[in-house]
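J.: Dropping the structure in here first, questions after.
The values are calculated or read from the model by the stated rules, or taken from the named source; none is laboratory data. If you're wondering where the values come from, they're calculated on a predicted model, not measured in any experiment. Neighbour counts run over all protein chains shown; Cβ positions are idealised from the backbone, glycine included. Areas reflect the complete protein model, heavy atoms only, side chains present, ligands, DNA and RNA absent. Shrake-Rupley method; radii C 1.70, N 1.55, O 1.52, S 1.80 Å.
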Amino acid sequence: METTEINLEQHFQNKIDNEIRIEPKDWMPEAYRKTLIRQISQHAHSEIVGMLPEANWITRAPSLKRKKILLAKVQDEGGHGLYLYCAAETLGVTRDETLRDLHSGKAKYSSIFNYPTLTWADMGAVGWLVDGAAILNQVPLCRASYGPYARAMVRICKEESFHQRQGYELMMKLAQGSPEQKEMAQDAFNRWWWPTLMMFGPRDAESGNTEASMNWRIKRFSNDELRQRFVDMTVPQAEYLGLTIPDPELKFNEETGHYEFGEIDWEEFWNVVKGNGMCNKERIDVRRTAFDEGAWVRDAATAYHEKRKQKEQQKKIS
Ligand code: FAQ
């Protein structure tokens with residue numbers, strides 16, 4: 001490494017260690033830039049693919065109020081995707097490139113969105129559990145070292161908090177409803193519990209990116225730390241709803257003050273990540289179709305931009 005590069009790297013790491021944000025025009029090591037592009041674009045893809053399992057239920061929501069809530073939530077997720085694609089663009093990658101990687105299956109997105117939403121209770125379970133897990137993972141990202149990512153996360157977390165609450169409220173209504181409604185809530189809980197624990201990523205021992213991401217203060221907590229936090233937070237919430245946690249090994253450890261839980265099916269996790277989950281193919285097909293069918297909007301926006309540019313040039317000449 002050249003002396004100037006060592007100095008630049010030292011200066012960069014000093015900024016990180018002193019909690020000074022890195023901004024798009026600042027020097028940064030290539031590996032830092034690449035890891036941010038990887039994480040931010042995967043995060044953006046998760047948001048827009050994450051719209052699909054819930055969008056399936058908009059037309060079937062049981063009341064106008066629930067329909068409005070669900071519509072607003074799904075729209076928020078589209079917005080989160082946009083902020084995150086913009087944040088990724090500040091690192092020198094185009095939106096076309098990131099989307100191409102999603103459509104070709106090269107880019108990952110969260111495993112959780114490859115599970116089907118079978119009943120209305122799934123809308124409660126997704127909001128309560130999936131958004132609950134997302135908040136735990138994302139609040140620390142508001143302090144990520146890269147400015148555009150951290151700032152995008154502030155607004156995203158505020159909206160996720162509303163998403164989590166509406167999910168819990170929906171579950172509460174079902175859990176306090178008729179025996180059939182309670183059974184529906186329990187069934188959704190049973191199906192979403194384990195996939196939600198997988199959202200936090202592989203065990204720390206198998207998490208290849210954590211060490212570097214923590215040194216760069218992109219990640220503040222490891223996958224296992226956040227997963228444990230989620231279990232500790234969610235078990236009392238489930239108890240309040242009168243639902244049973246689908247894990248016979250779950251028990252509270254008085255000494256550590258934490259819940260111990262059963263083994264996650266890591267084979268299932270990696271299978272879903274590799275593209276073989278229940279809905280992987282369907283999700284990507286829908287995204288590709290939406291992209292192709294939206295080509296006319298992008299063409300119209302480009303043509304309008306060109307027209308405006310020409311008009312401005314003509315004004316300058318005359
Ligand atoms: N699914 O070394 P690590 C949401 C991959 S947004 C698929 O531990 P890292 C909002 C990982 O990419 C949910 N792949 O990786 C919403 C890596 O592969 P690579 C998304 C996974 O980055 C709610 C490999 O495994 N949230 O829910 C998963 O240090 C409701 C090794 O893993 C974010 O993206 C997984 N679950 O830690 C929307 C938050 N886990 O890239 C709609 C930002 C790991 O080396 C409805 N991201 N992999 O080929 C992060 O915090 C991190 O990237 C982690 C993974 C924690 C996800």
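J.: Quick check, is residue 120 within 13 Å of the ligand (Cβ to nearest atom) and open to solvent by less than 50 Å² (accessible area, probe 1.4 Å)?
T.: No: the conditions fail for residue 120.
J.: So which of 82, 91 is open to solvent by less than 20 Å² (accessible area, probe 1.4 Å) and more than 9 Å from the ligand (Cβ to nearest atom)?
T.: 91
J.: Please go through region 213-228 and pick out each residue that is in a helix (DSSP H, G or I) and open to solvent by less than 40 Å² (accessible area, probe 1.4 Å).
T.: Answer for region 213-228, where residues must be in a helix (DSSP H, G or I) and open to solvent by less than 40 Å² (accessible area, probe 1.4 Å): 213, 223, 226, 227.
J.: Also, I was wondering about something else. Answer with yes or no whether residue 239 is part of a helix (DSSP H, G or I), within 15 Å of the ligand (Cβ to nearest atom) and either among the charged types (D, E, K, R) or crowded, with 16+ Cβ neighbours inside 10 Å (or both).
T.: No: the conditions fail for residue 239.
J.: Checking the condition of a type outside the set (S, T, N, Q), open to solvent by 60 Å² or more (accessible area, probe 1.4 Å) and not in a loop (DSSP other than H, G, I, E, B), which residue from 255, 263, 180, 249 passes?
T.: 180
J.: Any residue in region 123-143 that is farther than 14 Å from residue 233 by Cβ and near the ligand (Cβ under 9 Å from one of its atoms) sitting within a Cβ distance under 7 Å of a residue that is open to solvent by 10 Å² or more (accessible area, probe 1.4 Å) and polar (S, T, N, Q)? List the pairs, counting only those 6 or more apart or interchain.
T.: Pairs that qualify, where the first residue is farther than 14 Å from residue 233 by Cβ and near the ligand (Cβ under 9 Å from one of its atoms) and the partner is open to solvent by 10 Å² or more (accessible area, probe 1.4 Å) and polar (S, T, N, Q), are 126/117; 127/164; 127/166.
J.: Further question: With 72, 44, 55, 31 as the choices, which residue is farther than 30 Å from residue 116 by Cβ and small (Gly, Ala, Ser)?
T.: That would be 31, the only listed residue that is farther than 30 Å from residue 116 by Cβ and small (Gly, Ala, Ser).
J.: Please note which helices (runs of 4 or more DSSP H) are completely contained in region 54-129 and include at least 2 residues that are touching a His at 6+ places or on another chain (Cβ under 7 Å).
T.: In region 54-129, 64-89 are the helices (runs of 4 or more DSSP H) which contain 2 or more residues that are touching a His at 6+ places or on another chain (Cβ under 7 Å).
J.: Of 194, 270, which residue is over 30 Å from residue 148 (Cα atoms), open to solvent by 40 Å² or more (accessible area, probe 1.4 Å) and within 9 Å of the ligand (Cβ to nearest atom)?
T.: It is 270.
J.: Of all residues in region 144-161 being within 12 Å of the ligand (Cβ to nearest atom) and open to solvent by 30 Å² or more (accessible area, probe 1.4 Å), which is nearest to residue 243 (Cα to Cα)?
T.: Filtering region 144-161 for residues that are within 12 Å of the ligand (Cβ to nearest atom) and open to solvent by 30 Å² or more (accessible area, probe 1.4 Å), the one nearest to residue 243 (Cα to Cα) comes out as 161.
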